[in-house]
Amino acid sequence: MDINEFQKWVKQYYQDRNWSDLDIFVRIGFLAEETGEVARAIRALEIGRDRPDEIDDSFEENKEHLTEELGDVLGNLIVIANKYDITLEDIFQTHQQKLAKRYT
């Protein structure tokens, strides 16, 4: 599945569940929450768990968890992009052009 197909799939999936109808500020809150979960997953990969009540998983289990959390962030980003009719391709191109202009 390419990125355009994935963006369309997310749009339909969220619409079917009425998740797309949430206020944009609620969606931003979800994005912030998921970003925190990415940070926690990276901590587990890099330094392990630091509380006695946390289970120490294998590197592969921690990497799988990070992959899931990055997917949650991506899903929320896609919902936000869809709300404003912005394609991920446009985001990629705009970001690439910005970096090329800024650092070339």
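General remarks:
- Sparsely packed GluC sites (Glu not before Pro) within segment 7-81, loop by DSSP, other Cβ within 10 Å at most 16: Glu54
- Qualifying chymotrypsin sites (Phe, Trp or Tyr not before Pro) in segment 63-104, DSSP loop, other Cβ atoms within 10 Å at most 11: Tyr84
- Whole-angstrom gap from segment 29-70 to segment 1-21, using each part's C-alpha centre: 25
- The largest-to-smallest principal axis extents of the Cα set in the chain are 46, 44, 28 Å.
- In nm, spacing of pseudo-spin labels at Thr87 and Glu33 (7 Å Cα→C-beta vector): 3.2
- Surface accessible to a 1.4 Å probe, Lys8 within the full protein complex, Å²: 150
- Computed magnitude of the charge dipole of the chain (debye, nearest 20; Cβ of K, R +1, Cβ of D, E -1): 700
- Legend: helices of the chain (whole DSSP H runs) are marked when their alpha-carbon atoms reach 24 angstrom or more along the helix axis and their mean Kyte-Doolittle hydropathy is at least -1.0; marked are 24-46, 59-83.
- Distance between modelled label sites at His95 and Glu5, nm, 7 Å Cα→Cβ extension: 2.1
- For the chain, adding -39500 (n - 2.57) for each run of n ≥ 4 DSSP H residues and dividing by the number of residues yields -25500 deg cm²/dmol at 222 nm.
The values are calculated or read from the model by the stated rules, or taken from the named source; none is laboratory data. This is a predicted model, so every value here is computed, not measured. Every residue, glycine among them, receives a Cβ derived from its backbone with ideal geometry; neighbour counts consider all protein chains shown. Surface accessibility is based on the protein's heavy atoms, side chains included, excluding ligands, DNA and RNA. Shrake-Rupley method; radii C 1.70, N 1.55, O 1.52, S 1.80 Å.
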